[in-house]
Amino acid sequence: MGEIALSAKKLNVYYGEKHAVHDVSLDFAEKEVTALIGPSGCGKSTFLRSLNRMNDLIPSCKVTGEILIDDRNINGTDTDVVALRKKIGMVWQRPNPFHKSIYENIAFGPRYHGIKNKKQLDEIVEQSLRKAAIWEETKDRLHKSALALSGGQQQRLCIARTVAVKPDVILMDEPASALDPISTSKIEELISELKQDYSIVIVTHNMHQAARVSEKTAFFLNGHVVEYDKTETIFTNPTHQRTNDYITGRFG
Amino acid sequence: MSAKTADKIATGVIVFITGLIALALIGLLGYILFRGLGHISWHFLTSPPETIRKGGGIGPQLFNSLFLLVLTMVITVPLGIGAGIYMSEYAKAGKITSAIRLVVEVLSSFPSIIVGLFGLLVIVNKFNLGFSLLSGALALTIFNLPLMVRITEQGLRSVPVQQKEASLALGISKWKTIRSVQLPIALPIVLSGSILAAGRIFGEAAALLFTAGMSSPRLDFSDWNPLHSDSPLNPMRPAETLAVHIWKVNSEGLAPDATQIAAGASAVLIITVLLFNLGARALGRYMHNKFTASK
């Protein structure tokens, strides 16, 4: 196992009175895919959103514990959240491209982070779209609205947009669950490509998907991590009865 | 009664009500235009009014109305959008925020004559701005700000939260996100709010009687230095607007053609508002397309 890209230590998340995530400690290895699985409402998405401080947007939400990146806790009030989010990108369940052109969707981030040179931006746009395997489909319509793309294309565009600001970690919250099977397999291929350069944490409902794309898997239940191990082990020889029940489809 | 019959009756009633409203509006518009259009000429639009003789125009009043509109919008729009952004994106839910919201609601349904009297006491007398375009513009700002604030807030709230999250997740600051992601999407709503405000400014008379005044000095349309007292651009001069002029001519006009003048001026007022509406919509569509690259 390589270096640790990101780790959570005793992370607790509360929505008002509701204790959504209990004492979760997980290490995410660099340039690996880690899958978070579990039934709906088990806290896996909430946990994911805490990692790039997205839960700051929800006033009733409180997150305690540590999130470490390069041995520095980023879950403090003194953390520069804007700079942090540049390092930890995110892709959502429903594709959410900006209401802008395809080009602007990609260039928006890098330009804000200081790249003004047109040529350099053009290059970043092309590279990012290539990395997300959508360049061929979009190169002739870069200045058309991104909203005219299909759902699967929009999702790949969103991944390209995230890649364009060169994050270290990419969080994906069920990135393929709103897509058709062909688009889903494209996204899965893409994830396998992306892990050569990025550390990926992916929440998924689809256990086959977790088995296909990830190196490690964490099983969440009622806000607790029941088991965290190599994906192979989780799916073939889990330690806990509950994990076994879930992956064999007895509940969830 | 079967569900099908009930459905038919409901549809019929709704269509009838809508038709009635449309008919009333078309009738009103037609009546005003029919009575007024005949009186409109280049001479009528450009020459100053006459007190007792025939053949007066509405030139200065039309100019005053347009100038007041621009002046008020220049003050209202930035303030309204700023406060709207605060209410939607920065204000934390709590007692103070709900108090502000309540005040805004109350202010937006304030009778304009009260705003006029307030303007007279505070802006005209206390701050000694006199009967002037600026006093009028400030009174109308008080009158229109709540509308602008509310519309901007609503516009921003209608932007999907996923758009905001997507931008923040790229490491983009809150302000840049508001400016470059949320506001362009909210633009059509903000713009229709501005049009609404503009229509109210253009048609307003009561609030202006005591603030912008009921007289217009002789204007020298060749002098565009805003510091000169008879320059049309001087914001410190009294200015009778078109709506006030209609009221005055109708109630105390001495000219023999007072009725025609009022009718003509009313038609001009309506046509101008209509043109402004169409123009603003076209501009809004153009800007929206430009920002969002949609067709």
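The values are calculated or read from the model by the stated rules, or taken from the named source; none is laboratory data. Note that the structure is predicted; figures quoted are calculated from it, not measured. Cβ coordinates were reconstructed from backbone atoms using ideal geometry, including for glycine residues, and neighbour counts include every protein chain displayed. The protein model used for the area step is the full one, side chains on, heavy atoms only, and it has no ligands, DNA or RNA in it. Shrake-Rupley method; radii C 1.70, N 1.55, O 1.52, S 1.80 Å.
Every residue in the range A:48-62 that is open to solvent by 30 Å² or more (accessible area, probe 1.4 Å) and at pLDDT 90 or above, please.
A:Arg49, the sole residue that qualifies.
Taken together, B:Leu242, B:Leu233 contain a single residue that is under 14 Å from B:Pro60 (Cα atoms), surrounded by fewer than 20 Cβ atoms within 10 Å (Cβ to Cβ) and either within 21 Å of the chain's Cα centre (by Cα) or among the charged types (D, E, K, R) (or both), which is B:Leu233.
When you look at A:Lys62, is it away from chain B (no Cβ under 13 Å), of a type outside the set (Gly, Ala, Ser) and touching a Leu at 6+ places or on another chain (Cβ under 7 Å), yes or no? Outline the logic, then answer.
Working: away from chain B (no Cβ under 13 Å): yes; of a type outside the set (Gly, Ala, Ser): yes; touching a Leu at 6+ places or on another chain (Cβ under 7 Å): no.
The answer is no for A:Lys62.
Applying the criterion of being open to solvent by 60 Å² or more (accessible area, probe 1.4 Å) and not aromatic (Phe, Trp, Tyr) to the residues of the range B:246-270, the residue that is farthest from B:Val70 (Cα to Cα) is B:Pro256. Just one of (1) without any contact (Cβ under 8 Å) to a residue 60 or more places away in the chain; (2) more than 14 Å from chain A (Cβ to nearest Cβ); (3) more than 20 Å from the chain's Cα centre (by Cα) fails for B:Leu107. It is (3).
Within the span defined as the range A:102-124, every residue fails to be more than 14 Å from chain B (Cβ to nearest Cβ) and closer than 23 Å to A:Val201 by Cβ. Among residues of the range B:42-97 being within 24 Å of the chain's Cα centre (by Cα) and assigned to a loop (DSSP other than H, G, I, E, B), the one that is modelled with the highest pLDDT is B:Ile58. Only one of the numbered conditions (1) within 30 Å of A:Lys86 (Cβ to Cβ); (2) touching a Phe, Trp or Tyr at 6+ places or on another chain (Cβ under 7 Å); (3) buried (at least 24 other Cβ atoms within 10 Å of the Cβ) is violated by A:Asp173, and that is (3).
Quick grid of which residues meet (1) surrounded by 15 or more Cβ atoms within 10 Å (Cβ to Cβ); (2) among the basic types (Lys, Arg):
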residue	(1), (2)
B:Arg53	no, yes
B:Gly59	yes, no
B:Leu71	yes, no
B:Thr76	yes, no
B:Gly116	yes, no
B:Val124	yes, no
B:Phe127	no, no
B:Thr152	yes, no
B:Arg157	yes, yes
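Conditions (1) among the charged types (D, E, K, R); (2) under 24 Å from A:Ile4 (Cβ atoms), marked per residue:
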site	(1), (2)
A:Gly109	no, no
A:Lys139	yes, no
A:Gln155	no, no
A:Val163	no, yes
A:Val169	no, yes
A:Ala178	no, no
A:Ile182	no, no
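Checking the range A:134-153 against the condition returns a match, with at least one residue being within 10 Å of chain B (Cβ to nearest Cβ), polar (S, T, N, Q) and open to solvent by less than 50 Å² (accessible area, probe 1.4 Å). Remark: A:Leu11 matches the filter, which requires a residue to be touching a Gly at 6+ places or on another chain (Cβ under 6 Å) and over 27 Å from A:Glu193 (Cα atoms).
Filtered by the rule that a residue be more than 14 Å from chain B (Cβ to nearest Cβ) and in a helix (DSSP H, G or I), the range A:154-177 gives a lone residue, A:Arg156. Only one of the numbered conditions (1) out of contact with any strand residue (DSSP E or B) (no Cβ under 6 Å at 6 or more places or on another chain); (2) modelled with pLDDT of 90 or more; (3) not basic (Lys, Arg) is violated by A:Met90, and that is (1). Scanning for something in contact with a helix residue (DSSP H, G or I) (Cβ under 7 Å, 6 or more places away or on another chain), open to solvent by 20 Å² or more (accessible area, probe 1.4 Å), at negative phi and away from chain A (no Cβ under 11 Å), does the range B:164-174 turn up at least one residue? There is no residue in the range B:164-174 that is in contact with a helix residue (DSSP H, G or I) (Cβ under 7 Å, 6 or more places away or on another chain), open to solvent by 20 Å² or more (accessible area, probe 1.4 Å), at negative phi and away from chain A (no Cβ under 11 Å).
Taking the range A:78-96 as the search range and keeping residues that are out of contact with any Asp or Glu (no Cβ under 8 Å at 6 or more places or on another chain) and more than 8 Å from every other protein chain (Cβ to nearest Cβ), which one is surrounded by the most Cβ atoms within 10 Å (Cβ to Cβ)? If we take residues in the range A:78-96 being out of contact with any Asp or Glu (no Cβ under 8 Å at 6 or more places or on another chain) and more than 8 Å from every other protein chain (Cβ to nearest Cβ), then A:Pro95 is surrounded by the most Cβ atoms within 10 Å (Cβ to Cβ). Per this entry, A:Leu68 is not counted among residues that are within 30 Å of A:Ser183 (Cβ to Cβ), aliphatic (A, V, I, L, M) and out of contact with any His (no Cβ under 9 Å at 6 or more places or on another chain).
Scanning the range B:177-194 for residues that are surrounded by fewer than 18 Cβ atoms within 10 Å (Cβ to Cβ) and more than 14 Å from every other protein chain (Cβ to nearest Cβ) yields a total of 1. For the range B:78-108, filtered to residues that are open to solvent by 60 Å² or more (accessible area, probe 1.4 Å) and hydroxyl-bearing (Ser, Thr, Tyr), the residue that is nearest to B:Val273 (Cα to Cα) is B:Tyr86. Per the conditions (1) open to solvent by 30 Å² or more (accessible area, probe 1.4 Å); (2) away from chain B (no Cβ under 13 Å), the sole criterion not satisfied by A:Leu129 is (1).
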